[in-house]
Amino acid sequence: MPSVSQAFDGELAFYGSISDVTCNIDGAAPGAGNRKEVQLGDRIGTDTFTEIGKTSNPVTFNLNIGGNAGCTNGTKVLVEFDQRSININPVTGNLKLVGTKPAEGVEIQIMDAGNGKTGKIMLGQPQNIADAQVATVANNTATLSYAAQYVSTAAPAAIKTGSGNSFIRYVLAYH
């Protein structure tokens, strides 16, 4: 008689949402193919980071929501960043750099930059809706504004050159 094993051989993950509102993002339908690239700068010198916590110049970017009939006026929309992303440093709440040879001692910090909200977003933690940036759809559109910058997490001597890339997934939440 064969023995019963308790090992897992895989995982099924189910994703989706229940909503009567569907807004485009930057003119494209939501989904895996909707990608926004934010250029944080090329050849930023290690001398930019003279102490822990020093940052590069912030780069602002917008998520332009709507423009389609399914994006209903009066709807409140906010971004929920993937709290379980392996790219998040759970201690700093920043994005770790990824790739074959990422820079060391530097991470990417994301900040609110619009709709009455400013300041660092602590990635990897639930965001209270009272603290979240919320935009209201008007004329079938809304804009969520953010900024990103490199931030040093190590002493200047420990910062090593390399690529400065990362990513995080998000979903739009409608209220």
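Nothing in this text is a laboratory measurement; each read-out follows from the coordinates by a stated rule. All figures in this text were calculated on a predicted structure; none of them were measured in a lab. All Cβ positions, glycine included, derive from the backbone under ideal geometry; neighbour counts span all protein chains shown.
For residue 68, the amide hydrogen comes within under 5 Å of the amide hydrogens of 24, counting only partners 5 or more places away or on other chains and with H modelled in the peptide plane. Cross-link reach is defined here as a Cα-Cα straight distance under 25 Å, omitting same-chain residues fewer than 8 places apart; for residue 120 the lysines meeting it are 36, 54, 76, 96, 160. Listed values for segment 23-35 are Karplus-derived 3J(HN,Hα) couplings in whole Hz (6.51 cos²θ - 1.76 cosθ + 1.60, θ = phi - 60°), namely 10, 5, 10, 6, x, 10, 5, x, x, 4, x, 8, 10, and x replaces Gly and Pro. Could you list the residues of segment 50-64 with an amide nitrogen less than 18 Å from a label point located 7 Å from the Cα of residue 125 in the Cα-to-C-beta direction? Label zone hits: 53.
FRET efficiency for the residue 68 to residue 161 pair, using the beta carbon distance and R₀ = 41 Å, is estimated at 0.45. Over the chain, what portion of Cα pair distances is larger than 25 Å, expressed as a whole percent? I get 42 percent for the Cα pairs in the chain exceeding 25 Å. Seen from residue 61, the other residues with C-beta closer than 11 Å to its C-beta sum to a net charge of -1, counting Lys and Arg as +1 and Asp and Glu as -1.
Electrostatic bookkeeping for residue 132 treats Lys and Arg as +1 and Asp and Glu as -1; over the other residues with beta carbon under 9 Å from its beta carbon, the sum is -2.
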